[in-house]
1. Suppose the filter is hydroxyl-bearing (Ser, Thr, Tyr) and part of a helix (DSSP H, G or I); does THR150 pass it?
2. Which residues, taken from the range 164-203, are surrounded by 13 or more Cβ atoms within 10 Å (Cβ to Cβ), of a type in the set (Val, Ile, Thr) and either more than 18 Å from ALA131 (Cβ to Cβ) or at pLDDT 95 or above (or both)?
3. Kindly provide the set of residues from the range 121-136 that are closer than 13 Å to VAL73 by Cα and either surrounded by fewer than 22 Cβ atoms within 10 Å (Cβ to Cβ) or over 14 Å from the mean Cα position of the chain (by Cα) (or both), ordered by number.
4. If I filter the range 62-111 down to residues being at positive phi and away from the ligand (no atom under 16 Å from the Cβ), which single residue comes out as surrounded by the fewest Cβ atoms within 10 Å (Cβ to Cβ)?
5. So ILE116 passes all but one of these: (1) more than 16 Å from the ligand (Cβ to nearest atom); (2) closer than 22 Å to ALA23 by Cα; (3) touching a Pro at 6+ places or on another chain (Cβ under 8 Å). Which condition number does it fail?
6. Looking at ALA13 and the list (1) in contact with a Leu (Cβ under 9 Å, 6 or more places away or on another chain); (2) in a loop (DSSP other than H, G, I, E, B), which single condition is not satisfied?
7. Going through ALA93, ALA156, ALA131, ALA124 one at a time, which residue ends up being under 22 Å from HIS39 (Cα atoms) and of a type in the set (Gly, Ala, Ser)?
8. What single numbered condition from (1) open to solvent by less than 50 Å² (accessible area, probe 1.4 Å); (2) at pLDDT 85 or above; (3) touching a strand residue (DSSP E or B) at 6+ places or on another chain (Cβ under 8 Å); (4) not β-branched (Val, Ile, Thr) fails to hold for ALA159?
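The values are calculated or read from the model by the stated rules, or taken from the named source; none is laboratory data. Predicted model only: the values in this text are computed from it and were never measured. All Cβ positions, glycine included, derive from the backbone under ideal geometry; neighbour counts span all protein chains shown. These area figures cover heavy atoms from the full protein model, side chains too; ligands, DNA and RNA do not enter into them. Shrake-Rupley method; radii C 1.70, N 1.55, O 1.52, S 1.80 Å.
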Amino acid sequence: MSRVLALSGSLRASSFNTWILHALPALAPEDMHLHVYEHLGDLPHFSEDLEADPPAAVRALWRALADADGLIVATPEYNGGMPGVLKNALDWASRPYGSSVLPGHAAVVLSSSPGIFGGIRAQAQLRELFALLNVYVVGGPQVAIPEVHTRLDPTADPAHRLTDPTTRAMLTSLLHGLAEAIDHQAGNRLIKPLHHWQNGLAA
Ligand SMILES: Cc1cc2nc3c(=O)[nH]c(=O)nc-3n(C[C@H](O)[C@H](O)[C@H](O)COP(=O)(O)O)c2cc1C
């Protein structure tokens with residue numbers, strides 16, 4: 001069984017991106033357990049001054065990440081980029097420097113928007129950030145969901161809110177890609193050069 005932590009880039013109560021995350025368990029492989037982590041809003045703004053004695057919300061995020069074999073991030077786009085709340089969470093996740101629990105994870109990223117570009121610029125930023133943090137991101141299919149409000153039924157229960165068959169099929173494929181990346185330890189392979197570098201520094 002693989003454990004996957006799902007993060008939404010939106011704190012909005014009726015967030016389309018969060019709704020999509022809640023639709024994923026029904027599309028995931030049977031042995032993938034998905035947990036939507038809804039506490040990014042509890043994190044303080046990142047400050048190096050807080051690192052010596054990290055607040056409980058930060059330790060909780062680190063624990064949740066350490067317990068997960070994989071990550072899913074669904075994000076809206078704010079003014080052409082990823083929302084501050086998501087960048088803040090990933091900045092916290094990247095610490096402590098040299099012993100962050102993030103490197104080596106496998107991940108999928110997706111974005112959605114009521115607009116016609118599906119939040120693709122925010123998604124591109126996220127992919128760039130994960131490359132920097134040595135998180136292995138499944139390359140495709142690249143899922144940026146445009147006009148997302150037309151693909152959801154707000155009156156349905158969370159597991160059945162995502163109605164659009166094409167989006168469901170793409171997400172199913174993406175989740176199977178994540179399962180394979182986890183099974184093949186794609187993330188761990190990625191961080192071998194990082195360990196080599198760190199060991200070299202320690203020697
Ligand atoms: C501050 C702000 C900036 C936004 N900028 C963009 C943008 O650059 N591109 C876009 O597609 N939508 C933009 N939107 C619209 C969001 O895509 C829309 O509010 C979306 O529903 C937010 O995602 P959520 O439903 O998951 O909360 C913006 C919304 C806000 C509040």
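1. Working: hydroxyl-bearing (Ser, Thr, Tyr): yes; part of a helix (DSSP H, G or I): yes.
Considered against the rule, which asks whether it is hydroxyl-bearing (Ser, Thr, Tyr) and part of a helix (DSSP H, G or I), THR150 comes out as yes.
2. Those that are surrounded by 13 or more Cβ atoms within 10 Å (Cβ to Cβ), of a type in the set (Val, Ile, Thr) and either more than 18 Å from ALA131 (Cβ to Cβ) or at pLDDT 95 or above (or both): THR167, THR172, ILE182.
3. ALA124, GLN125, ARG127, LEU129, PHE130
4. Pass one, the range 62-111, residues at positive phi: 79-80, 98, 104.
Subset that is away from the ligand (no atom under 16 Å from the Cβ): 98, 104.
Values: GLY98: 10, GLY104: 20.
Here the answer is GLY98.
5. For ILE116, the failing item is (1).
6. Evaluating ALA13 over (1) in contact with a Leu (Cβ under 9 Å, 6 or more places away or on another chain); (2) in a loop (DSSP other than H, G, I, E, B) leaves (1) as the failure.
7. Exactly one residue qualifies, and that residue is ALA93.
8. Only one criterion is unmet by ALA159, namely (3).
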